[in-house]
Amino acid sequence: MTSGLIFACAGVVLFAMGTAGVVLLDHLLRRILAFNLMGSGAFLVLIGLAQRDGMPDPVPQAMVLTGIVVAVAATALALALARRLFALTGGYGLPQSEAKDGND
Amino acid sequence: MKRFAVALLAALFAVALIAALLELPAPAVDLPAAVGAKMAESGIAHPVTAVLLNFRGYDTLLEIGVLLLALIVVLAVAAREEAKQPAVADPVLQTLARIAAPLMLLAAVYLLWAGAFRPGGAFQAGAVLAAAAVLLHLAGLAAAWQKPGKCLRIGLAAGFLVFLAVAAGLLVEGALLQYPPAWAGALILLIEATLTVSLGLILAGLFLFLS
């Protein structure tokens, strides 16, 4: 098992953790962070697989560079929408999870 | 109960994906060799930069478009809330920002230049520029971010517009973003330089308009 494959497997674990986080967490900020973790895992898989044969492949590296910047844009967009939701409703949860919070 | 079930499913998912990764066949297309064969025509000596701005320039054009779109949405959503004045900055922070900002500018220009032949390029340089802009804002030295004026708006859009203009100009040659080999180096440098400025402003804007 080369170091590239180890990176790819770590990326898979990060992706699975992020997926579980998106499903389980109620607070929108945590959900955005979990979504970012999924993205980081996917990038790690691409970068790890790109160098599993020793020689790094420039094409996945360029794709990941593009992907990181798009992920930043998506995160900023999500944060702006979350803030707007907070300004409108006073909470950082989606409507059904807020109803559950109210019962607690 | 739900928590346990989701964790179990995620663990099974990870195990299945890792098993698939370990059984992955060798790639059917030898991309590194394909990139290496065309490097002489790309106008750039570093393969990642060549892929980003020449072979897959279309992706990069759309990417800067996505960034600009995200910034416009952030501006539109944030504009309804009143802008608040930053707290009076610490003089130590101000002195540090005054010393660090020119060095960060220098590092950004170096990274942009290094992108032609070693790891570096417009995105890394833009990130350093954005960090410098955020530092200056936190030190209370860059008042322009309070209310984006015309110059700032032109700077935000310049990277996308120049890239689009080059792409449209090259349509005359036959294909979108297919640089003639003789001009490739100069065109890529022009695109990268404006991309760096715009990326720095957009990334700083995404942070500062949200704060």
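Structural remarks
- Matching residues in the range B:1-35 - criterion: being of a type in the set (A, V, I, L, M), surrounded by 14 or more Cβ atoms within 10 Å (Cβ to Cβ) and over 30 Å from residue B:178 (Cα atoms): B:6, B:7, B:9, B:10, B:11, B:14, B:17, B:18, B:21
- The residues of the range A:36-63 that are more than 10 Å from chain B (Cβ to nearest Cβ) and either open to solvent by less than 40 Å² (accessible area, probe 1.4 Å) or in a helix (DSSP H, G or I) (or both), listed by number, are A:36, A:37, A:38, A:39, A:40, A:42, A:43, A:44, A:46, A:47.
- Among residues of the range B:178-211, those that are over 24 Å from residue A:71 (Cα atoms), in a loop (DSSP other than H, G, I, E, B) and in contact (Cβ under 8 Å) with a residue 12 or more places away in the chain, counted: 3
- Residue selection: residue B:38 satisfies the criterion of being surrounded by fewer than 17 Cβ atoms within 10 Å (Cβ to Cβ) and within 23 Å of residue A:66 (Cβ to Cβ).
The values are calculated or read from the model by the stated rules, or taken from the named source; none is laboratory data. Everything numeric in this text was worked out from a predicted model, so none of it was measured. No Cβ is skipped: glycine too gets one built from the backbone with ideal geometry, and neighbour counts run over all protein chains shown. Remember, those area values only see protein heavy atoms, side chains included, never the ligands or the DNA or RNA. Shrake-Rupley method; radii C 1.70, N 1.55, O 1.52, S 1.80 Å.
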